[in-house]
Structure formats: structure tokens, C-alpha cells
Amino acid sequence: MKSHMVKFFTRMVWAVVIGCLVGAFSGWLAARVLHIPQLDQLPTYRPATTSHIFAADGSSSGSFALERRVELPPEGIPDTIKLAIVAIEDANFYSHGGVDPRAILRAVIGSIRTGILGGRGGASTLTQQMAKNLFLSRERTVTRKVKEMFLAIDMEKRLSKDQIISMYANQIYLGQGAYGIEAATQVYFGKPAGELELQEAAMLAGMIQNPERLHNPIKNPEGTRNRRNHVLAKMSELGFIAQEAYEIAVNTELGVSIHRERKVGGDYFVEHVRKTIEQRYGTDALYTAGLQVDTTMDPFLQRAAERAVREGLVELDTTQLGFRKPPNIVASGLATDAASYEHPSWDGLIFEPSSMVKAVVLESGRSTARLNIAGFEAILKLDDASWTRASSLSRILKEGDLVLVRLPEVLPEAGSDEKLRVELVQEPEIESALLAMDNQTGAVLAMVGGFDFERSEFNRAIQSKLQCGSAFKPFVYLTAFERGFTPADTVFDGPALFPDGTGELTYCPRNYYGKYFGVTTLRRALELSFNASAVKLQDMVGGQAVVETAKAMGITTPLRPYPSLALGTLGVRLVDLVRAYAGFANLGEVPTPYFISEVRDRDGRSQERFYPTLERKASAAAGYLLLHVLEGVIQQGTGQKAKVLDAHLAGKTGTTDDYSDAWFVGSSPRITVGVWVGRDKKAPIGKRMTGAAAALPIWIRFMEAYLETLDEAARAERFPVPAGVVFSAVDWYSGHLVVPACAGQSRVVLEAFLDGTEPQVTCEGDEPGLWELPWPFQQAYYTPRIGEPMPDLLALARADERIEEEKAEAEAEAQGN
């Protein structure tokens, strides 16, 4: 009876095998006769591959992918990994033609013995697996299996064995989000696949069938080691490796640790590049085509920009706005207890000296608090929170509070018993943006769009349209200099009426200082940012002319020739303003900003290159007159804080009426940097938060870092003086030529002029002490220019009355609501 059963099963097995062979042969014939469109694409097939973003120095700045994969050519995949895969997945790979009859026989016998038809028994060759993965669904049916065989046989005719095994090695998933051998080698061993050792290659090959659980070295190291050794045994059995190599490899530790791509910053920059690439090439190309994108980002300057913004905002918030109660993760429902909470920013966190990180309060006492930072315990002392003016840490911090802390300049050594001591800071409510641009090329070197990309992805350097206040005034003065004005010409800084939106004479610009200054040179008016003088000068040169100048210099947002335009009341983008100021530094040649220098395909072939462009939009002479005055803003004007930098710099502050926006935009001969500080919802930053108080310190922090990268000669570089410009010593107040007879009573500046426009009147006739008198007493000594608006006290009184009436009406309406 037993022998009959054996014969029966033997016949059944042979019948199945013969049937499969017949089916395979039929498939081979069908493949020759029938046209299978997918197979025509095999020679050019490329798997979905990660697109990479690179900084200007070639370092990695980011990547985007649906499947985290780095494709390798056949010659780039080590033979060790190819043989390891063959040993464990398809020992007859190099001898069969796509379908392995012996493997089919083993699978059928295994199915009969286990009673599980269609169970995994090793019947599928590597070629069949590739056919299934590329062209078929994962359904377990006889029809799908037959199709798989057809495709495998035809694939073997179209591709070499090396092409198939390489395609397989690039396609497989190996856990931790890694697709393909190269990505997996980087994740588990932190090196390229070309440096894989025998035991490492065997481990990866062994993971193929169950990479997330059974054969995952992080979740199941013992199971993974056993599986690796099984692969090594198969390799030895097949003669792929020598016995000595086998014995060494099986006794070697796994040596695995997760290596994540280090986050180098530049989130706002990289996101802008991502959006640009997606718009130009499409979503599919961005996430699957393996594009290589070179950017203009300078990694050092990018880090300096992020530090300047973060440190500047934290300092501003803690010193000016005071302590606020931090959010509590337990009270808000984010966690059930403080000890188990994991903040998203802790994923891949690298502890860097003096950096700011999120921490959770575990325990708070009078003089000491214990904190958790990504699983590490830190200590906060009362002295390290002195800015809060608290007498006890327990009064301001509770268990579960989520706080921002600064790490020490010197971190404890790994393995030491020294506690990590941190300093309490505070996440600011206010925001900031910074953008740095190369003057000559327009290359954007650094960009920060906000305090924290994780908090808000909105990029205020590019997307926001904000009032820039007095930072707009240089457009008015450039327009004037193009029309023959000189920095030594005078206007009368006093109250004057201009038409409002209805055409009535009701608009009266007021100076920030709450007073008017009477007779003033254009230099003095711009250096000290007199509002009345700027509006009056715009009126004299024409509002539409100022609009045209601003547009020519790079402002892209809508502008209207209202009198208040001179004071920056219409929204502009930071990137546009920086571009315009770079044009000032270039003496009228305006660069086109760009963030991407080249896009290449996965094989390194250039798809698109971006080249620097400069376009002359103002005369070099007029541009220099403006630039020379902007240097004075830093030497003796509203930007005097920047004198500490000891370099040749030019720039301008900007502040809106209600202190809701603070700006500083300034240039060296090589780069231009703009900084904005404010709130997303228009509201005051704080008391007297001017451009000089809020934005300029951040600008200085960044420029300090930039200037440190220059040698002595580069740091001492001056702005070039164009042909046709001459210099004369003039009085800062009157603009008159200084001669020995009156030099002692004058404040002398070396002023720039177009040759032939120097003043002819000397300071000998200047009235001593005139500039210190109230503006009404100066009026008798001033001869206005033709068309220059002058004070009308009666009209001003009527305008003031109307303003008060409008305020009263608004208050009454608010109370009624």
C-alpha cells in the first residue's frame, strides 16, 4: 500500500512539473509571437530614485523620494552582494533560462507535504520575482504564475544575467525606508555599497524576505544573525566563498546602527528649491527621477543666518517682551506623562554646542529643575534663568512644561558622569526673515523664512508682502539723483499737506522723532530718516517716477504713486528689496536672484543651467551718490550700531508707524543682506521696536560671521567710485562748501558729486546755530525750490482737526459694536 502511494505522488509530481514545463514552453512561444508592451521598456527601465539637493560646496542639503533609493550601475554593485543574493534566493540563477524546473519540483513536493498549495517554497527565480514586481499584481493565482513565467523567459532573452541581478539589487526593499542595496548600506552601515564586507553583504541578502520584522537587525538582531549565517553557509556550500572567509564572517558581530541623513539646516531654502523643481519638472520627476539639483546655498552662511535669526529673536523676546508661561504637554493632552513624551524635533537630534533645543520639565524645585531632551537628562539652575527674574524655578516651571533651552558651549564627554547643564530661553512669538545675495551674480547665498520651519513653513523672505517703512526711501533719493539733485541739496523738513486717497489735502507726514528739523541736506535727511523730507522730495520728482525707479530696480509687487509711498506703506517682498539694494551696491546694475545653479538627471547629464545676469537700471554716477549716502547711514545715521563691524558697509533701516515691521537692508562690496522682524498678524512688535532696535542686531550677527570668512584685503574692500564723480568737503547741515574761514563752525563731510555739480556757495554765510532752532524760526532763512511744498499752519490745523474727528468716529463705532 505504501509503495502504491509513493508511486502515485511521484506521478503527480512529474505531471505537475511536466505541465509547468509545457506551460513555460508555451509561454516562450507566446512571447515570440505575442507582443508584450512592458517588455519593450526593459532595456531603458529605471527604478524610482531619490532626487538630491546639493549646496554650493557639493554637500547634501536634502532629498525627496517616494522610495528612498540610490540606483547603482551593474559595475557599481559588488560581486559579494550579487553572490549573496543568488545563494539565498536563486542558487541556479546562472544556469536556468528564467524558470527553474528543479525549483518548481521542490516547491510542489513541499506543497504536497505541507498541504499548502501556493505556499512559498522557493519556486520563483530572481527573474520571476523581477517580472512579478515590475509588471504583475501580488494575487496568488495560477494565471498570474503562468504570466510570471512567460515574462521571466522573455526577460532572460532581452537582458544579461548581470543586468537582471543588478536590477534586482536596486529594486528590493530592505527596511527602514531603504530601497536597493546602496540606500540600505548607507542606512545600516553608514558607507557606500562598494565598501561592503562579506558578512555585511550576507546580512542584507538575508533580509530580503522579511526586512521589517524577522530579519531586521534593529528589531530582531539574533534572528538576523542566524539568517546572515545561513546565507554565508549557502555561499560556502555553492563554492562562492572559501572556508576561512566563511568562518571569520560567521563569528563577526552584525555591527549595525541606524545612520540617518544628517539634517544640515536650510529648510526654507530647500523647500523653495523643491517647489521650483516641482513646478518646472513635475511632481513625478521630483520624487522618482533621481534629479541632482545644485543650489547657490553657502552652508556656512546658511548656518550663520539661522543662528543670527534664532539668537536675535530669542534675545529680543526675552529682554524686551518678558517671560510667558510655556505650554504643558500633559495639560494639553499631547502625553499622559512627561517622561514618555518624545518631541518631533528629537528625531535624529544632534547635540551641538550653544544650539537651542526643545526640552520637557520632569521635576522643578526652587533652585534646580530636571529636564528631558531626547532621552537625555539635563539640569537647569535658577541662575540659568535669571532673565525671568523668578525667585524660584518651581514658580515658573511645572512638570510637563515644554520649554526651549540652550546647550552649553562645551558639552559633557560621552560616558562621563557630568550632567548636561542648560540655559532657559523662550520660543519667541515674533518672526523674522533673512536673505543674503551675491551682488555681482544674484546668487542667493542664505535664506531664512522664519524662526522655525517645523513651527511654520511659510517663507516670509519670499511669500510675504510687507510694509518696509523707511527702507523704501532710497528709491526716492535715487530718482532725485538721476534728475540732477545732489546729496548736498537742501529741502525744508517741516509739516506740509499732501493729497489723500480722495484728493483732499489732508495727509501730513510726521517724523519718527516727533519733531521737524527745518533746513536739511538730502544726505542728513536720509541718514536720519526724516519722513517729511522724503515725502516732499518724492512730490518734487514725481510719485510715478519713483514707482518706475522701484520697479526697474527689482520691486515686483504693486505700487501706487501715493505720497505715503515714500515711507514704504505699500507691501514689498524681502527678496525684491535685497535685489534692489544689491543693485545700489552695483552702482545701478541689478542682478537677477537665483537659487538653483544646475539641474542634472540621475546619470549626471545637465538638464538646465542658470547663469548670472546683470542689467543696468540706473546710471553708475547716480547709483554711487546714493550708495555714498547709505554709507553715511551706518557712519552717523540710524544704522550706527553696525559701525562695530569695521568694514565698508552701506544700508538703511525701516520701521512702520505702529512698530509692526522692522527692517534693515545693507551691503558690503560683495554681498547684500536684508532682515525683517515682525508678526504674522499685523500688530506691534513691542515698544519702540524700530529697524535699528529689532532688525539691525540680527543683520550685525550675520555680517560678523560673513566678514570672518574674508581675508584682510577683502574685508578692507571699498565700493568702487565710477568715472565722473568727484568729492568736496561740505557742511552736513547746509550743504555749503567748507572753506578755512568757516571750517571751525561746520560739521564737515566729504561729499560725492557729479563733476561740475559741486556747490559754489561757501559756509561763510551760514547762520551760526540756525540748525538748532525750531523749524518755524528757520523758515525765514530758507528759499524753497520751485514747486516745493511749504508749511501752511492754518491748513495743518484743519488737517489735525479732521484726524481727531475721524478717531472719535472710529471709537464711537467700536463702542457701538
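The values are calculated or read from the model by the stated rules, or taken from the named source; none is laboratory data. Predicted model only: the values in this text are computed from it and were never measured. Ideal geometry is used to build each Cβ from the backbone, glycine not excepted, and the neighbour counts take in all protein chains shown. Heavy atoms of the whole protein, side chains included, go into the accessibility calculation; ligands, DNA and RNA do not. Shrake-Rupley method; radii C 1.70, N 1.55, O 1.52, S 1.80 Å.
Could you tell me whether the stretch 327-338 includes any residue that is at pLDDT 90 or above, under 21 Å from F451 (Cα atoms) and either under 27 Å from the mean Cα position of the chain (by Cα) or loosely packed, with under 14 Cβ neighbours inside 10 Å (or both)? Yes, the stretch 327-338 contains a residue that is at pLDDT 90 or above, under 21 Å from F451 (Cα atoms) and either under 27 Å from the mean Cα position of the chain (by Cα) or loosely packed, with under 14 Cβ neighbours inside 10 Å (or both).
Listed by first and then second residue, the pairs linking a residue in the stretch 519-546 that is under 13 Å from P561 (Cα atoms) to a residue that is crowded, with 24+ Cβ neighbours inside 10 Å and of a type in the set (S, T, Y), with Cβ atoms under 6 Å apart and 6 or more places separating them unless they lie on different chains, are V541/T479; A545/T479; V546/T479. Could you count how many residues in the stretch 460-480 are more than 18 Å from G312 (Cβ to Cβ) and open to solvent by 10 Å² or more (accessible area, probe 1.4 Å)? Qualifying residue count for the region: 5.
Test A205 against the criterion of being outside any strand (DSSP E or B) and in contact with an Asp or Glu (Cβ under 8 Å, 6 or more places away or on another chain), and give yes or no. So A205 passes the test.
Each residue in the stretch 544-565 was checked for being in contact with a helix residue (DSSP H, G or I) (Cβ under 7 Å, 6 or more places away or on another chain), more than 26 Å from L614 (Cα to Cα) and not in a loop (DSSP other than H, G, I, E, B), and 2 of them qualify. Selection of the stretch 685-725 for residues being basic (K, R) and without any contact (Cβ under 8 Å) to a residue 24 or more places away in the chain yields an empty set. When only residues in the stretch 413-454 that are closer than 21 Å to P344 by Cα and among the β-branched types (V, I, T) count, which is surrounded by the most Cβ atoms within 10 Å (Cβ to Cβ)? Per the stated criteria, the residue is V448.
Among the residues in the stretch 385-396, are any touching a residue at least 40 places away in the same chain (Cβ under 8 Å), within 16 Å of R324 (Cα to Cα) and open to solvent by 30 Å² or more (accessible area, probe 1.4 Å)? The answer is yes, given that some residue of the stretch 385-396 is touching a residue at least 40 places away in the same chain (Cβ under 8 Å), within 16 Å of R324 (Cα to Cα) and open to solvent by 30 Å² or more (accessible area, probe 1.4 Å).
Conditions tested, residue by residue: (1) acidic (D, E); (2) farther than 27 Å from D90 by Cα; (3) within 36 Å of the chain's Cα centre (by Cα).
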| site | (1), (2), (3) |
| --- | --- |
| L214 | no, no, no |
| I218 | no, no, yes |
| E222 | yes, no, no |
| H230 | no, no, no |
| R260 | no, yes, yes |
| Y268 | no, yes, yes |
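Listed conditions (1) part of a helix (DSSP H, G or I); (2) aliphatic (A, V, I, L, M); (3) touching a helix residue (DSSP H, G or I) at 6+ places or on another chain (Cβ under 8 Å); (4) surrounded by 21 or more Cβ atoms within 10 Å (Cβ to Cβ) are all met by M540, apart from (4). Scanning the stretch 179-195 for residues that are surrounded by 23 or more Cβ atoms within 10 Å (Cβ to Cβ) and among the hydrophobic types (A, V, I, L, M, F, W, C) gives I181, A183, A184, A193.
Exactly one residue among F485, F492 is aromatic (F, W, Y) and surrounded by 24 or more Cβ atoms within 10 Å (Cβ to Cβ), and that residue is F492. Only one of these conditions is not met by V410: (1) of a type in the set (A, V, I, L, M, F, W, C); (2) surrounded by fewer than 17 Cβ atoms within 10 Å (Cβ to Cβ); (3) modelled with pLDDT of 90 or more. Which number is it? Exception for V410: condition (3). The set of residues from the stretch 69-87 being among the hydrophobic types (A, V, I, L, M, F, W, C) and assigned to a helix (DSSP H, G or I) comprises I81, L83, A84, I85, V86, A87.
Looking across the stretch 43-54, the residues that are within 19 Å of Q171 (Cβ to Cβ) and either of a type outside the set (V, I, T) or open to solvent by 30 Å² or more (accessible area, probe 1.4 Å) (or both) come down to P43, T44, Y45, R46, P47, A48, S51.
Could you tell me whether the stretch 621-638 includes any residue that is under 24 Å from L313 (Cα atoms) and out of contact with any Gly (no Cβ under 9 Å at 6 or more places or on another chain)? Yes: the stretch 621-638 contains one or more residues that are under 24 Å from L313 (Cα atoms) and out of contact with any Gly (no Cβ under 9 Å at 6 or more places or on another chain).
One residue stands out in the stretch 503-529 among those that are hydrophobic (A, V, I, L, M, F, W, C) and under 36 Å from the mean Cα position of the chain (by Cα): the one that is most open to solvent (accessible area, probe 1.4 Å), namely L528. Just checking, which of D57, D79, D40 is open to solvent by 50 Å² or more (accessible area, probe 1.4 Å), out of contact with any His (no Cβ under 9 Å at 6 or more places or on another chain) and modelled with pLDDT under 75? When all the criteria are applied, what remains is D40. The condition of being assigned to a helix (DSSP H, G or I) and of a type in the set (D, E, K, R) holds for K157.
For the stretch 675-686, check the following and say yes or no: at least one residue is touching a helix residue (DSSP H, G or I) at 6+ places or on another chain (Cβ under 8 Å), assigned to a loop (DSSP other than H, G, I, E, B), open to solvent by less than 50 Å² (accessible area, probe 1.4 Å) and under 24 Å from R524 (Cβ atoms). Taking every residue of the stretch 675-686 in turn, none turns out to be touching a helix residue (DSSP H, G or I) at 6+ places or on another chain (Cβ under 8 Å), assigned to a loop (DSSP other than H, G, I, E, B), open to solvent by less than 50 Å² (accessible area, probe 1.4 Å) and under 24 Å from R524 (Cβ atoms). For the residues E589, E608, the requirement of being touching a Lys or Arg at 6+ places or on another chain (Cβ under 7 Å), of a type outside the set (G, A, S) and surrounded by fewer than 22 Cβ atoms within 10 Å (Cβ to Cβ) singles out E589.
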